[in-house]
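Asker: Just passing along the structure, written as structure tokens.
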Amino acid sequence: DAKTTQPTSMDCAEGRAANLPCNHSTISGNEYVYWYRQIHSQGPQYIIHGLKNNETNEMASLIITEDRKSSTLILPHATLRDTAVYYCIVRVKGEYGNKLVFGAGTILRVKS
Amino acid sequence: GAVVSQHPSRVICKSGTSVKIECRSLDFQATTMFWYRQFPKQSLMLMATSNEGSKATYEQGVEKDKFLINHASLTLSTLTVTSAHPEDSSFYICSARAGAHSGFTEAFFGQGTRLTVV
């Protein structure tokens, strides 16, 4: 059911920007893209979401291509604590409204 | 962000017994709650969705008689694993979402419950 594909893993140097790509080529016009991350043995943490426009908050920036078939999550200055599994999710329609179906995610390792 | 609390964080139970896991939204009213299961080194798998006061909707392949979900109030949902077996050992995670009127469009997750069946 997951509608996204992400690289299995990525490495990033501490203090540098981490750019995590995501493909969602079958996304529909009114479907949002969500990003969550999960640090080992914890519940997922919300990062950011968007529909068409680029979004920025205190944690990250989300760049969505004009055709909406892919997006990139940017952590501007990665720290060791950003090491986690990052999930790109397209919200899908369920019986009780929208639901989040997780794909495999990207393991981001931030190294000193 | 909003806070979702799960209890217990860890539980060990004997095979054949039932275990109840609670999920509470602490600072918002959750009209919809979701239950996920996660096996080691795997992604989260959605088990079921529930709306307050309604029966849960289960994903394909999830046994509704084994995983009983009750969403009796806007701040509490429970998952009961009935007649647990070792293969039910997993990390169970709940998620809660406020109604459309709240302005929240994201779902917030609990910290998870590690269930071990011996």
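This table checks each residue for (1) open to solvent by less than 40 Å² (accessible area, probe 1.4 Å); (2) part of a strand (DSSP E or B).
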position	(1), (2)
A:27	yes, no
A:36	yes, yes
A:48	yes, yes
A:53	no, no
A:77	no, no
A:89	yes, yes
A:93	no, yes
A:102	yes, no
A:109	no, yes
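Asker: If you scan the stretch A:95-112, which residues turn out to be modelled with pLDDT under 85 and more than 7 Å from chain B (Cβ to nearest Cβ)?
Answerer: A:98
Asker: For the stretch B:25-40, which residues satisfy the criterion of being assigned to a loop (DSSP other than H, G, I, E, B) and modelled with pLDDT of 90 or more?
Answerer: Result: B:26, B:39, B:40.
Asker: Is it the case, given these coordinates, that residue B:79 is of a type in the set (A, V, I, L, M) and farther than 13 Å from residue B:94 by Cβ?
Answerer: Answer is no for this residue.
Asker: With the structure loaded, tell me whether residue B:115 is open to solvent by less than 30 Å² (accessible area, probe 1.4 Å), more than 12 Å from chain A (Cβ to nearest Cβ) and under 23 Å from residue A:46 (Cβ atoms) or whether it fails that test.
Answerer: no
Asker: Another question, if that's okay. Test residue A:31 against the criterion of being assigned to a loop (DSSP other than H, G, I, E, B) and over 23 Å from residue B:109 (Cα atoms), and give yes or no.
Answerer: So residue A:31 fails the test.
Asker: Let me ask something else about it. Within the bounds of the stretch B:11-29, is there any residue that is within 11 Å of chain A (Cβ to nearest Cβ), open to solvent by less than 60 Å² (accessible area, probe 1.4 Å) and among the aromatic types (Phe, Trp, Tyr)?
Answerer: Within the stretch B:11-29, not a single residue is within 11 Å of chain A (Cβ to nearest Cβ), open to solvent by less than 60 Å² (accessible area, probe 1.4 Å) and among the aromatic types (Phe, Trp, Tyr).
Asker: Here's something else I'd like to know. Pull up the stretch B:41-57, narrow it to residues that are more than 12 Å from the chain's Cα centre (by Cα) and not in a loop (DSSP other than H, G, I, E, B), then point me to the one that is nearest to residue B:80 (Cα to Cα).
Answerer: B:57
Asker: Also, quick follow-up: Residue check: is residue B:48 surrounded by 19 or more Cβ atoms within 10 Å (Cβ to Cβ), closer than 18 Å to residue B:13 by Cβ, touching a strand residue (DSSP E or B) at 6+ places or on another chain (Cβ under 9 Å) and touching a residue at least 12 places away in the same chain (Cβ under 8 Å)?
Answerer: no
Asker: Of the residues B:81, B:62, which single one is β-branched (Val, Ile, Thr), touching a strand residue (DSSP E or B) at 6+ places or on another chain (Cβ under 9 Å), surrounded by 22 or more Cβ atoms within 10 Å (Cβ to Cβ) and away from chain A (no Cβ under 12 Å)?
Answerer: B:81
The values are calculated or read from the model by the stated rules, or taken from the named source; none is laboratory data. From a predicted model like this one, the values you see are computed outputs, not experimental measurements. Cβ atoms come from the backbone with ideal geometry, glycine included; neighbour counts cover every protein chain shown. When the accessible area is computed, the model is the full protein with side chains, heavy atoms only, and any ligands, DNA or RNA have been set aside. Shrake-Rupley method; radii C 1.70, N 1.55, O 1.52, S 1.80 Å.
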